[in-house]
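A short write-up of the structure that comes next.
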Amino acid sequence: MKKLTRSRQNKKLTGVLGGLSEYLGMDASLVRILFVIVLLFTGLFPMGIIYLISIFLIPEETDVM
């Protein structure tokens, strides 16, 4: 079962979008580009707030050996 986590390896700021891309099975660059486009078209407010909230709600990826 897949679990949404913040990525440790595939991150630029906090790993939220990297983790989302891993969860969705998409390229991380594409997810980041789509996020920025939506962020700009919505006037920064809703997507910015969602991103900030997700930093605290989505757990960080754990090392599983």
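The values are calculated or read from the model by the stated rules, or taken from the named source; none is laboratory data. Only a predicted model underlies this, so the values are computations on that prediction, with no experimental measurement involved. With ideal geometry, Cβ positions are generated from the backbone for all residues, glycine too; neighbour counts draw on all protein chains shown. Note: accessible area is taken over every heavy atom of the protein model, side chains too, but ligands, DNA and RNA are not part of it. Shrake-Rupley method; radii C 1.70, N 1.55, O 1.52, S 1.80 Å.
What the table shows:
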{"quantity": "Debye, to nearest 20: dipole size of the range 1-51, +1 on Lys, Arg Cβ, -1 on Asp, Glu Cβ", "calculated": "220 debye"}
{"quantity": "Carbon + sulfur, % of accessible area of the chain - ligands and nucleic acids excluded, 1.4 Å", "calculated": "70 percent"}
{"quantity": "Accessible area per residue, Å², the chain with all protein chains present, probe 1.4 Å", "calculated": "76 Å²"}
{"quantity": "Peptides ranked, highest mean first, by Cβ atoms within 10 Å: ranges 37-46, 13-22", "calculated": "13-22, 37-46"}
{"quantity": "Rg/Rg_globular for the chain, with Rg_globular taken as 2.2 N^0.38 Å and Rg from C-alpha atoms", "calculated": "1.11"}
